[in-house]
Structures are given as C-alpha cells and as structure tokens.
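Undergrad: To start, I am sharing the structure in question, which I have written as structure tokens.
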Amino acid sequence: MPEPRRICCSIVIVTGMSGGGKTQACRYMEDLGYFCVDNLPPVFIPKFAELCAHVGGHVSKVVLVVDTRSREFFDTFLHVLEDMDRNDEPYEMLFMDASDAAIIRRYKETRRRHPMAPSSRISEGVAKERERLEKVRSKATYIIDTSELQKVELRDKIVRIFGNAETEQMVINVLSFGFKFGMPLDADMVLDVRFLPNPFYVESMRHKSGAVPEVAEYIQEKPVTREFLQRLDPLMEFLAPQYVREGKEQLVIAVGCTGGMHRSVFIAKHIFDLLKAKGHAVRLEHRDLMKNDVREHVREEC
C-alpha cells in the first residue's frame, strides 16, 4: 500500500457563511504571511496542496477559500475533505459564521445579491446556505462567529489562532529624513527637529552624520536637546504600548531635519535605542542620509 502523501506546508481552508467575514479574515491571514487563494473549487484542493509540496519552503503557509460561490463544484467539498482525512493529509479549517440577522443586515448595507438567492429574498439564501454548510461546519477546526465582533476583535482572534510570537509583535520603524527631500508618505508620526542646533554650520562636522560620536555629542550637550529628550522619552514609552493595544501591526515614526543627515539621524537613533531597550521590535532607517555629501558615518545595528 503506498505511503500517504505528506504536505510540507500549513494549509488552512477558510469557508463559512456568505457575509460571515471570510474576506476580512483572509486579509488578516495575509498579514500573517499566508498565501491566499480565493474561491477555489474544492476539486483542486489536493492538486494545489501537491503543488505547494513541490515548491518546498517557498510557500509554507496557504489559505484556500472555499464557499458556495463555486456553485456546482461545491458539492465535491465533503468528498475532498474525506479523502484528505483518509490519506492523512494535514489541514485546518476555519469556519466563519454569523447570525442570520447580522448577515441580512450586512447584505442590505452593501446592496449585494446573496449567491444562494440571486433573484429572491436574502433570508431565503441564508437559510439555503446554512443548510448546505451544516455538515461542513461540523468538520471545522475553528469556528468564529462575527455577529458582534469589531474588526480589531476579529483580527485579535485570527492572530491568536494562526499567529506566532513574531507576528503578534508590532514592528516600529524609526525613519530619519530630510524635509527638503519630501515627507514620508507612510509616516504615522512626524517629529520636526529642525529647532535643534545644526552641526552643518560647524566646519569639522559638516560632512559627518549624526551617528558619529563627535556630532552626536555636539547635539546632545545643548540645553534645548536635553530638555527635548526629557519630554520625548516618556512620550515614546507611553505611546508605543497604546498602539500595540490598538492592534496596529506597524508604526512608522519619522524624524525630520533639513537634510536628513545630522539632527534627524541622531534623534532617530536615540528613539531606536530607547524602544529596543523596552523590548519592542524596532527597525532603523536613514532615508536621505546618503543624498548628502557624507564622508563619515558610523554603521549602526538596525
């Protein structure tokens, strides 16, 4: 008897009621690194799993969305699942559900037709679909009822089920830039530090970046810098956990000076060190540093 075929990637089949939140769940799973295929006819699930096995580690996490939109193809869904169980092919199934009232309300708000009742009442389509999905629902690994869930609550559930320590941690990107090169479009927070003393006007420092100890000391020793940092540090320590609690996945803190070479580099590095010491996942980037005439720069750990 041949050995059962082993799938070397994590396969999650997402199904459930139309209007139950499958689309939103898939978006959150994409953010967790899953490769998502929407509206896949069930008969293709084994072939797709086999394809994933052949490409090795390039596609290690896959979401396959299967629902009643596949019409007649959907009738094979249970048979495909039973074959996979019989062949010991691993998969997990997430069933997205909601109350009839919630689904009807969502369809009326979006003014879309229900796939099971394109020319009749939405309630009839919901009833038909629920009956058709009854046996599929019984095979689900996880069931999420979104009737009363806010988007952030759904995201938290998805992350708890399918995430890991790395994906659960918000990434903070600290970015230095120069205003003369334009503001970063993706910044969540912008700090303008052009009020700090500018080493550009000191000849010996003009071509050295804000990461060079001599330049950093020059900026830091000024009273206005010391007072600014005394106010900035508690603010950063307060804000970061608030964004984590809000469910934000990435936070971009942009620090700008005129050219993005001295003051913004120094302050960005200071924020990076502070947040890293607090245990946050932090990345540091100096966007415009090398657009200047830089002749000395200290390479930093990012």
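Undergrad: Of all residues in segment 85-98, count the ones that are crowded, with 19+ Cβ neighbours inside 10 Å and modelled with pLDDT under 90.
TA: Total satisfying the criteria: 1.
Undergrad: Across segment 8-30, what is the number of residues that are modelled with pLDDT under 85 and either within 18 Å of the chain's Cα centre (by Cα) or open to solvent by 20 Å² or more (accessible area, probe 1.4 Å) (or both)?
TA: Of the residues in that region, 2 qualify.
Undergrad: Taking only pairs six or more apart or across chains, which ones have beta-carbon atoms under 7 Å, a first residue in segment 224-239 that is in contact (Cβ under 8 Å) with a residue 40 or more places away in the chain, and a second residue that is surrounded by fewer than 16 Cβ atoms within 10 Å (Cβ to Cβ) and not in a helix (DSSP H, G or I)?
TA: Matching pairs, first to second residue: 237/278.
Undergrad: Taking segment 189-239 on its own, how many of its residues are open to solvent by 80 Å² or more (accessible area, probe 1.4 Å), part of a loop (DSSP other than H, G, I, E, B) and in contact with a helix residue (DSSP H, G or I) (Cβ under 9 Å, 6 or more places away or on another chain)?
TA: Residues in segment 189-239 being open to solvent by 80 Å² or more (accessible area, probe 1.4 Å), part of a loop (DSSP other than H, G, I, E, B) and in contact with a helix residue (DSSP H, G or I) (Cβ under 9 Å, 6 or more places away or on another chain): 2 in total.
Undergrad: Among the residues of segment 244-284, which ones are aromatic (Phe, Trp, Tyr) and more than 13 Å from residue 233 (Cβ to Cβ)?
TA: 266
Undergrad: Return the only residue of 108, 128 being part of a helix (DSSP H, G or I) and exposed (fewer than 13 other Cβ atoms within 10 Å of the Cβ).
TA: 108
Undergrad: Taking residue 38 as the residue in question, decide whether it is acidic (Asp, Glu) and open to solvent by less than 90 Å² (accessible area, probe 1.4 Å).
TA: The answer is no for residue 38.
Undergrad: At pLDDT below 95 and either crowded, with 22+ Cβ neighbours inside 10 Å or assigned to a loop (DSSP other than H, G, I, E, B) (or both), is that true of residue 279?
TA: yes
Undergrad: Residue check, residue 102 against (1) open to solvent by less than 70 Å² (accessible area, probe 1.4 Å); (2) of a type outside the set (Val, Ile, Thr); (3) in a loop (DSSP other than H, G, I, E, B), all met but one. Which one?
TA: (3)
Undergrad: Would you be able to tell me the number of residues in segment 249-276 that are touching a helix residue (DSSP H, G or I) at 6+ places or on another chain (Cβ under 9 Å) and among the acidic types (Asp, Glu)?
TA: Counting residues in segment 249-276 that are touching a helix residue (DSSP H, G or I) at 6+ places or on another chain (Cβ under 9 Å) and among the acidic types (Asp, Glu) gives 1.
Undergrad: If you don't mind, there's one more thing I want to ask. Return the residue satisfying two criteria in turn: it lies in segment 141-165 and is out of contact with any Ser or Thr (no Cβ under 8 Å at 6 or more places or on another chain) and assigned to a loop (DSSP other than H, G, I, E, B), and of such residues it is most open to solvent (accessible area, probe 1.4 Å).
TA: This residue is 148.
The values are calculated or read from the model by the stated rules, or taken from the named source; none is laboratory data. For clarity, every value in this text was computed on a predicted model and none was experimentally measured. Backbone-built Cβ (ideal geometry, glycine too); neighbour counts: all protein chains shown. The area values use the complete protein model at the heavy-atom level, side chains included, leaving out ligands, DNA and RNA. Shrake-Rupley method; radii C 1.70, N 1.55, O 1.52, S 1.80 Å.
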